[in-house]
Amino acid sequence: MHKIWTRPLRPVLAFLGASIIAAIIIGVSFSLIIAVNEGVAPLTSENFSVTLTIIYKAVVAVGILAAIPVTILIWAFRWLKVRRGWGDAIAGALLAVFLLHVMTYDLASIPGLLWPVAGFTGLVAGLTYWLAAGRPKPPYAAKQA
């Protein structure tokens with residue numbers, strides 16, 4: 001009986017975990033970039049509060065903005081029979097770079113380092129989702145046929 005509600009809950013919790021991991025990477029990266037650009041020490045209490053604020057807002061933003069698009073991307077990768085793990089990581093990286101592009105108004109003000117950081121963040125979030133969602137073994141494609 002417990003599998004009836006835990007099976008659909010597992011991907012939701014995995015997505016929440018991936019969102020939190022992505023938000024932590026985004027918060028720390030943004031804080032370091034801000035500290036370097038402003039010439040301040042990155043490990044101060046003021047910078048730490050800024051980091052926590054960024055992490056909180058990033059969890060909300062990632063959770064709201066990424067839920068539907070990443071679901072569509074993951075289903076597309078499943079339909080194309082891309083190996084799980086790789087598909088989840090690639091979907092996360094593509095979505096992270098796309099969302100950075102969509103959410104930024106002045107592209108010239110974004111440091112060049114932020115683009116690969118966004119891709120890396122999405123890649124890690126995708127792998128986190130894959131690991132937390134159950135990591136099925138490769139014969140899953142044969143079972144679908």
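Counting Lys +1, Arg +1, Asp -1, Glu -1, what net charge surrounds Ala91 among other residues with beta carbon under 13 Å of its beta carbon? Intermediate values should be presented prior to the final figure.
Working: positive: Arg78, Arg83, Arg84; negative: Asp88.
With Lys, Arg at +1 and Asp, Glu at -1, the neighbours total +2.
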Review point. Can you give the FRET efficiency for Tyr56 and Leu131, using 1/(1 + (r/R0)^6), R0 = 25 Å, r = Cβ-Cβ distance, to the nearest 0.05?
Key: 0.55
Point to revise | Estimated FRET transfer efficiency (Thr71, Ser49; beta-carbon r; R0 30 Å; 0.05) | key: 0.35
Practice item. Enter the Cα centre distance for the pair the range 15-50 and the range 78-98, rounded to the nearest angstrom. Key: 25
Revision key, fill the gap. Rounded to one decimal in nm, the spacing of the 7 Å Cα→Cβ label points at Met103 and Leu9 is 2.9
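Work out the FRET efficiency for Asn37 and Ile64 from their Cβ-Cβ distance, taking R0 = 22 Å, and round it to the nearest 0.05.
Working: r = 27 Å, r/R0 = 1.24.
Plugging the Cβ-Cβ distance into 1/(1 + (r/R0)^6) gives 0.20.
Values in this text are rule-based calculations from the coordinates and carry no lab data. Here the structure is a predicted model, which is why all the values come from computation and not from measurement. So basically every Cβ, Gly included, is an ideal-geometry build from the backbone, and we count neighbours across all protein chains shown.
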